[in-house]
Amino acid sequence: MFSYKLKYMKLIKIILLSILSAVSIDAAAQDLNDAYRFSRQELTGTARFVGMSGAFGALGGDLSSLKINPAGSAVFLTNHAAFSLDQNFNNVSTRFGTLSAQTDETRRRNFDMSQAGLVFVFRNNDQGSPVNKITFGINYDRTFNHDARFSSFGSTEETIGNYFVERANGFTVNDFTPNNQNFSNFYRNLGQNFGFAAQEAYLAYESFLIDPSAQDNSTFISNTNSSLYNNDIITRESGLNGHVAFNLGTQLYEKLYLGMNLNFHFINYDRFSSYLETNDGPGDIREVYYENDLRTRGSGFSLQFGAIYKPVEQVRIGLSYQSPTWFRIEDEIVQGIETFSQAQNEYITAFPDVVVLFPAYDFRSPMKTTFSFAYIFGKNGLLSMDYTYQDYSNQRFTSRGFEDLNFQIDNVFQATHNFNIGGEYRLGKYSFRSGYHFAESPYSAPVSNNSSGNLTGTNYQGMTIGDTNGFSLGLGYNFGSTTLDIAWRRTYLERNDNFVQTGLQSRAYVENTINNLMLSLAFQF
């Protein structure tokens, strides 16, 4: 019954643009989910890299290894180029509310280029020089694939009306009086004058989801009244994060490899989410449909420095540092509410058809340090390990108006200790690979494995992600100057998802299993 609303909005030829002109940003439009979304990375790259679970910090000689340790370019013996394709199989199981045994499995497949790049090697023929070679490279790597879809449904004792009551705090009925302005214009002006919270509260007020209390016109109550609410939540995400690295490397004294990257990052993220709530209680509002269509775009840069040392022929030791990434990000959102009033026996619609453009803001992701070790078994095999330290409590929204959100970051996020272990065995022209990867949860609060999603020891009500575990397998064939590699990885994680930031304590418990198939073609020239 609500699908025609979305179709109608897409057919609108004239979209009103709302630019929030307040001095400080309404930080409620951003949350802790955004902070982690901008900082997180997944295991992706060339098939050889993925087949060994990304344990390449001390090995180098692979284009995707440059994002772990930029000194890896100096390991190449000749000019090298590679590109990689992958396909994701995203399997999601959810539990929500009282339906703790109910699962909803959704799967999203996609085909994408995950890596492409090349390295030029310039050898020094002067045997007496300490500089053996210099390398220049450029490589694109997708760092995170946002494509996912999940739905969850169940029953809770809480209503989304509480969220809009909280959004209306600090406003009066007079603030929501249009004074001869049409609905869309007034919604736009509310954003300019009071911010995004006022716009959301106005949608709830206009659709009769909230009303002023009997005591005064400066406090509001929800018009839903029931002991049990049925909920149906749908979320569709798409887009990707990626970066392009410009690399410079060198080999010294046949034992020491040094390198640096100048990285240019981008964020391309879209999320459509809808929330349908129904009840049979005595309140006037029996149904609430609330939808958001978010679009996030960002760009940034970072620096990386790394070294690989070969004390003896069999041993490689690597150390690398990646600076924080400094992002500039823009958000825009389209939203609306529709309710069913029992008293009026009709649906009440509040879809302003307005694109809300938020002021651009700055974000800084945490720095990262990686220590690596590898052992080479002659020409037939190798084992490699990476340990990465990254403190997510150091990520920051650096624009004005985000002080409260940064305070939450300090209390919710933690330092992480991540491990990647991989091995390779060569048999003739074939190479067999395997690996294991573990990423510790950046959230200091534990994930709750129950239907309500309640967390222990924290009042934080946003998304929480648990530890990530996975393993990989790979196979390669060497044609001479060309190699063909294939890899498969399986990654598992658990998380709790909140539809709104406040007013609803219940979360969807989500189990996410990602199967990723990689194919790479590499050339020496």
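Key figures for this structure:
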{"read-out": "Considering residues of segment 363-382 that are within 28 Å of R396 (Cα to Cα) and of a type in the set (K, R) only, the residue surrounded by the fewest Cβ atoms within 10 Å (Cβ to Cβ)", "value": "R364"}
{"read-out": "Residues that are assigned to a loop (DSSP other than H, G, I, E, B), of a type outside the set (A, V, I, L, M, F, W, C) and either farther than 16 Å from K255 by Cβ or touching a Lys or Arg at 6+ places or on another chain (Cβ under 8 Å) (or both), drawn from segment 61-80", "value": "D62, T78, N79"}
{"read-out": "Qualifying strands (runs of 3 or more DSSP E) (wholly inside segment 338-378; at least 1 residues being among the β-branched types (V, I, T) and closer than 30 Å to N182 by Cβ)", "value": "346-350, 354-357"}
{"read-out": "Count - residues of segment 308-333 that are under 20 Å from D62 (Cβ atoms) and touching a Leu at 6+ places or on another chain (Cβ under 7 Å)", "value": "2"}
{"read-out": "Number of positions in segment 250-273 that are small (G, A, S) and either closer than 30 Å to D293 by Cβ or in contact with a Lys or Arg (Cβ under 6 Å, 6 or more places away or on another chain) (or both)", "value": "1"}
{"read-out": "Test: residue in segment 398-413 that is over 24 Å from Y492 (Cα atoms), free of Cβ contacts under 8 Å to residues at least 12 places away in the same chain and touching a strand residue (DSSP E or B) at 6+ places or on another chain (Cβ under 6 Å)", "value": "yes"}
{"read-out": "Boolean, F153 is modelled with pLDDT under 90 and aromatic (F, W, Y)", "value": "yes"}
{"read-out": "Criterion: assigned to a strand (DSSP E or B) and either modelled with pLDDT under 95 or surrounded by 17 or more Cβ atoms within 10 Å (Cβ to Cβ) (or both) - qualifying residue of G457, G470, G462", "value": "G470"}
{"read-out": "Candidates L303, L294, L357, filtered to the one that is surrounded by fewer than 17 Cβ atoms within 10 Å (Cβ to Cβ), under 27 Å from the mean Cα position of the chain (by Cα) and under 30 Å from N162 (Cα atoms)", "value": "L357"}
{"read-out": "For D112: the one exception among (1) at pLDDT below 85; (2) outside any strand (DSSP E or B)", "value": "(2)"}
{"read-out": "Answer residue from segment 379-397, given it is touching a residue at least 60 places away in the same chain (Cβ under 8 Å) and in a helix (DSSP H, G or I) and is farthest from the chain's Cα centre (by Cα) among those", "value": "N394"}
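The values are calculated or read from the model by the stated rules, or taken from the named source; none is laboratory data. Here the structure is a predicted model, which means the values were calculated and not measured. All Cβ positions, even for glycine, are placed from backbone atoms using ideal geometry, and neighbour counts span all protein chains on display.
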